[in-house]
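Since the structure comes first, as structure tokens, the remarks are kept for the end.
The values are calculated or read from the model by the stated rules, or taken from the named source; none is laboratory data. Owing to the predicted nature of the structure, the values given are computational and were not obtained by experimental measurement. Using ideal geometry, Cβ is built from the backbone for each residue, glycine included, and neighbour counts are taken over all protein chains shown. SASA here: full protein model, heavy atoms, side chains in, ligands and nucleic acids out. Shrake-Rupley method; radii C 1.70, N 1.55, O 1.52, S 1.80 Å.
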Amino acid sequence: MKKIKKYVLIVAIVLLSFVGMGIEAHAADKPNYVITTDATYPPFDFQDKNNQYTGIDQEILKTIAKREGFTYTLKPMSFNSATQSVASDQADGVIAGMSITDERRAVFDFGTPYYRSGIGWAVKKGSNIKSLKDLKGKTVAIKTGTSGADYALSIQKQYGFKVVYFNDSDTLYNDVINDNSQATFGDLPVIQYAVKNGTALKVMNPKAPIQAGWYGFAVKKGKNAQLLAAFNKGFAAIKKDGTYDKIVAKYLGASAATFTGSKKDNNSTWGILKANRSAFLQGLWQTVLLTVFGIVLASLWGIILGVMGVSQNAVVRGISTTIIYIFRGLPLMVLAFFIYIGLPGVIGMKIPAVTAGILTLVLNEGAYTGAFVRGGFEAVDRGQMEAARSLGLPYSRAMRRVIMPQGIRIMIPSFINQFIITLKDTSILSAIGILELTQTGSLIVSRNSQGFRVWAIVAVIYLIVITLLTWLSNWVEKRSHA
Amino acid sequence: MSDAQTKVKVHVENVNKSYGDNHVLRDISLDVSENEVVVMIGPSGSGKSTFLRMLNQLETPDNGTIVVDGFDISDKATDINKVRENIGMVFQNFNLFNNYTVLENIMLAPVELGKLDKAAAEKKARELLATVGLSDKADVSVNSLSGGQKQRIAIARALAMSPDVMLFDEPTSALDPEMVGDVLNVMKNLADSGMTMIIVTHEMGFAKQVADRVVFFESGKIQESGTPEAVFNTPKNARLQEFLSKVMHA
Ligand SMILES: Nc1ncnc2c1ncn2[C@@H]1O[C@H](COP(=O)(O)OP(=O)(O)OP(=O)(O)O)[C@@H](O)[C@H]1O
Ligand SMILES: [Mg+2]
């Protein structure tokens, strides 16, 4: 039984991988690595106004790759996902403004340290907080899994503040600016860069980084030695010939305007839409792709679960009930992390993010679908089954010809509802780094700080797609009655 | 098999059935011969439906023997679906298939089970519709029919499988009084044509008219059985007398 389950799982993943493959291009001869990065970590990693990834990390990586003759596929995602992808063999290397710590050294092999950074802390511009002592009773915003967060936690007792966690810097800064929290701890250059770009924060220790340490490029411990060696060799070369200094100066020396979108584009909703058209379209396409595959496969899986749920065989019914119980009970994001980050280690095979995303949707939405499909079948009057059986129809025929058609009719509103939920749930998959509509919105906001306008655009796009989906569903429903 | 046995269409021997502590059928034995019309009467909860539903295994007996049409259906090895093809059943609540038209309801089983091809099934369905007087309803949805029409369609649907035995569980109980006559007429014609029938009903007049034998059920037991004249005119069992005095003067 266990073996069969594992086998089915692998087949499902292989099938779904075809979906993922369409999205990933592979170069043939040169070694090609999958490198993850933080999707929004300026000045180290962020998108320029043409939606190209840039920043100190990215320029270092690009220059070294060219010199050392390797290619790479860049996977921007949240910082946590970026590091865990490498730890779980989903990716080969990570460059994401990642501090070298002893804890991380246990899991990763780091390349030559490439940037000396430290922790800074900042408050809202005009705030009357003067020193750490003033934080008593206040709330401090920190980014999950960062050294800034670790430091804040280490002094939390001493200074008596509360903490609130964020996954992305922009939301975090806005939390401080909107007075929901009163201070933040983070990497000094990052906060400084944000301030330069107009974020209304004040850095409290610009000259004195706390716990100064180094950023490093990392691979999984004991793996990808070749990639690590190439990075180190290339880094030594660009350090020597001055390219490295030029890159750093370009980001930390230049004025902010160089890197953000032009003023004109930021001042109107239309301008934002125009300037980011291709990014929005790309995000929308991913969302639609996830939704379509999610809806179709989850419906099929749900119908299978529902049919199993009304089986004559108690074991089959039990299996259905258990699967529905488990996957309805798991939060979607936990399931996504489990599949994308947890599972590869067990089955020894990479799962592309889009594949993991679709699998997550299928398991989660499929469980909900299974529950209402079973309910729909059970809602069909018992007499219908008895009449069919009394005529001599076997159970399966009676199900197919009499019960299911009536049950499905009962379920149609639930199906349409589930389709809409599936569409909305795709946004949660931004957590495993899929660049769908929500993640696209985050990235654009991180560049232009136009939270209100960008999120309004994203919201309207979702509403349009949901409206279209509802129309389509209702149209199909009407046709099915005719 | 002896000659006498081939004429027995339904043979029930020492059947018991309990739902938990509720002993619903107590050691019931009954034989029904070919062409015979047996009407079962008795108070509510006496086990009439349970007994009838056991004859096509919609309920399974706890013990005892049930042989229908020569098939021992209390034997697990018997293909119950095959046996059911020869036993028509008509329910109190009609149970027409809501997802099909009238004609499709009648054609479904013969076509699905490969008994008739589509054309032959349709021909037969139209003939049956004529027999029950509803030829004009062939293509309507079943939800647009009155109760009496539904029940006549349900009878036609059961007959489409050309059964040897027909079971009726209170076929007129859910009908408005003015509809009852049409349904009973169809059943009477069926009885006259020689169909073997077991009917649970509260229509005593109808029972007198068509029954070869009337069986009185009470507390899960057959308390008395005999010709309609014997059962209705000279009841011996005290409970039957009490039952009749109630229903006749109701
Ligand atoms: N599925 C069941 N589970 C438990 N008890 C049942 C079930 N079906 C019937 N019974 C019980 O068995 C007894 C006989 O029921 P049955 O339906 O056979 O009576 P009946 O003679 O047909 O009555 P009526 O005239 O009301 O239809 C009743 O006490 C009833 O409550
Ligand atoms: Mg009954």
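Could you pull out every residue, at least 5 positions away or on a different chain, whose amide H is within less than 5 Å of the one on residue B:92? Hs are placed 1.01 Å off N in the peptide plane, and Pro or chain starts have none.
Long-range HN contacts for residue B:92: B:169.
Can you list which of the trypsin sites (Lys or Arg not before Pro) found in region A:159-218 are DSSP loop residues with at most 16 other C-beta atoms within 10 Å?
When the trypsin sites (Lys or Arg not before Pro) of region A:159-218 are filtered for loop state and at most 16 Cβ neighbours within 10 Å, A:207 remain.
Check the straight Cα-Cα distances from residue A:124 and name the lysines below 25 Å, setting aside those fewer than 8 residues away within the same chain.
Answer for residue A:124, where 25 Å is the Cα cut-off: A:133, A:136, A:138, A:143, A:157, A:162, A:196, A:202, A:207, A:263, listed by chain and number.
At a threshold of 8 angstrom on Cα-Cα distance, excluding pairs fewer than six apart, so keeping six or more, what relative contact order does chain A reach in percent?
Numbers: 755 pairs, mean separation 89.0, N = 482.
Relative contact order comes out at 18 percent.
How many percent of all Cα-Cα pairs in region B:50-174 sit more than 21 Å apart?
Percent of Cα pairs beyond 21 Å in region B:50-174: 41.
What are the trypsin sites (Lys or Arg not before Pro) within region B:137-189 that DSSP puts in a loop, where the Cβ has at most 10 other Cβ atoms within 10 Å? Kindly include the intermediate steps, with their values, before the conclusion.
Values: sites: B:137, B:150, B:152, B:157, B:188; in loops: none.
When the trypsin sites (Lys or Arg not before Pro) of region B:137-189 are filtered for loop state and at most 10 Cβ neighbours within 10 Å, nothing remains.
Using every pair of alpha-carbon atoms in chain A, split the distances into 20 Å bins beginning at 0 and state the percent of pairs per bin, rounded to integers.
Percent of Cα pairs in each bin: 21, 48, 24, 6, 0.
Mind checking the angle between helix A:314-329 and chain A's longest principal axis? C-alpha axes, 0 to 90 degrees, to the nearest 10.
For helix A:314-329, the angle is close to 30 degrees.
Calculate how many DSSP beta bridges within region A:117-212 are antiparallel, expressed in % of all such bridges and rounded to the nearest 5.
Bridges in region A:117-212 that DSSP calls antiparallel: roughly 55 percent.
Once the convex hull of the alpha carbons of region A:269-481 is built, what does its volume come to per residue, in cubic angstrom?
Dividing the Cα hull volume of region A:269-481 by its residues yields 131 Å³.
Mind jotting down the distance between the C-alpha centroids of region B:22-50 and region B:72-103, whole Å?
Centre-to-centre (Cα) distance: 19 Å.
Just how much of residue B:71 is accessible, in Å², when a 1.4 Å probe is used and the result is rounded to the nearest 10?
Accessible surface of residue B:71 is approximately 90 Å².
Put one equal scatterer on each alpha carbon of region A:117-212, apply the Debye formula with no solvent term, and list log10 I(q)/I(0) at q = 0.14, 0.17, 0.19, 0.23 1/Å to two decimals.
Per q value, in the given order, log10 I(q)/I(0) is -0.41, -0.62, -0.80, -1.25.
Volume per residue, Å³, of the convex hull around the alpha-carbon atoms of chain B?
Working: hull volume 34.8 nm³, N = 250.
Cα-based convex hull of chain B, divided per residue, equals 139 Å³.
Would you work out if region B:30-114 is rounded, prolate or oblate? Take a ≥ b ≥ c from the square roots of the eigenvalues of the alpha-carbon gyration tensor; rounded if a/c is under 1.5, else prolate when a/b is larger than b/c, oblate otherwise.
oblate
Name the residues whose placed amide hydrogens come within less than 5 Å of the amide hydrogen of residue B:224, ignoring near sequence neighbours (fewer than 5 apart) on the same chain.
B:216
Relative to the isolated chain, which residues of region B:50-88 have their accessible area cut by 30 Å² or more in the presence of all protein chains (1.4 Å probe, heavy atoms, no ligands or nucleic acids)?
B:53, B:58, B:81, B:84
Quote the accessible area belonging to residue A:77 in square angstrom, nearest 10, computed with a 1.4 Å probe and with ligands, DNA and RNA left uncounted.
Rounded to the nearest 10, that gives 0 Å².
Straight-line reach from residue A:221: which lysines have Cα under 21 Å away, leaving out those fewer than 8 places along the same chain?
The reachable lysines, counting only those whose Cα sits under 21 Å from residue A:221, are A:75, A:233, A:350.
State the antiparallel share, in %, of DSSP beta bridges confined to chain A, rounding to the nearest 5.
55 percent
How big is the dipole moment of region A:269-481 about its Cα centre under a simple scheme where the beta carbon of each Lys and Arg is +1, that of each Asp and Glu is -1, and everything else is neutral? Debye, nearest 20, please.
Dipole of region A:269-481, to the nearest 20 debye: 280 debye.
Using only alpha carbon pairs under 8 Å that are at least six residues apart, calculate the relative contact order of region A:117-212 and give it in whole percent.
47 percent
About its Cα centre, how strong a charge dipole does chain A have in debye, to the nearest 20, once Lys and Arg get +1 and Asp and Glu get -1 at the Cβ?
180 debye
Residue farthest toward the positive end of the dipole of the protein assembly as shown, with Cβ of Lys/Arg at +1 and Asp/Glu at -1: which of A:393, B:231, B:148?
So the residue furthest toward the plus end is A:393.
Please report the buried accessible area for the interface of B with A, total over both chains, probe 1.4 Å, in Å² to the nearest 100.
Details: alone 11800 and 23140 Å², together 33150 Å².
For B against A, buried area totals roughly 1800 Å².
Of the accessible area of chain A, with the probe set at 1.4 angstrom, what percent is carbon plus sulfur? Write out the running numbers ahead of the final one.
Working: 13610 of 22220 Å².
On chain A, the fraction of accessible area on carbon and sulfur atoms equals 61 percent.
Which residue, A:158, B:64, B:114, has the largest displacement toward the positive end of the dipole of the protein assembly as shown when charges sit on each Cβ (Lys, Arg +1; Asp, Glu -1)?
A:158
Rounded to the nearest 500, what is chain B's calculated 222 nm mean residue ellipticity when only DSSP H runs of at least 4 contribute -39500 (n - 2.57) each, over all residues? Write down the numbers at each step before the final one.
On the way: 9 runs with 89 residues, N = 250.
Per the formula, -10500 deg cm²/dmol.
In square nanometres and to one decimal, what's the mean projected area of the convex hull around the Cα atoms of region B:114-250?
Values: hull surface 39.5 nm².
Reported value for the Cα convex hull: 9.9 nm².
For region A:47-138, what is the accessible area per residue in Å², given a 1.4 Å probe and the full set of protein chains?
Accessible area per residue, region A:47-138: 41 Å².
For region B:150-174, list whatever residues lose no less than 20 Å² of accessible surface once every protein chain is in place, relative to that chain by itself, with the probe at 1.4 Å.
Residues shielded by partner chains are B:157.
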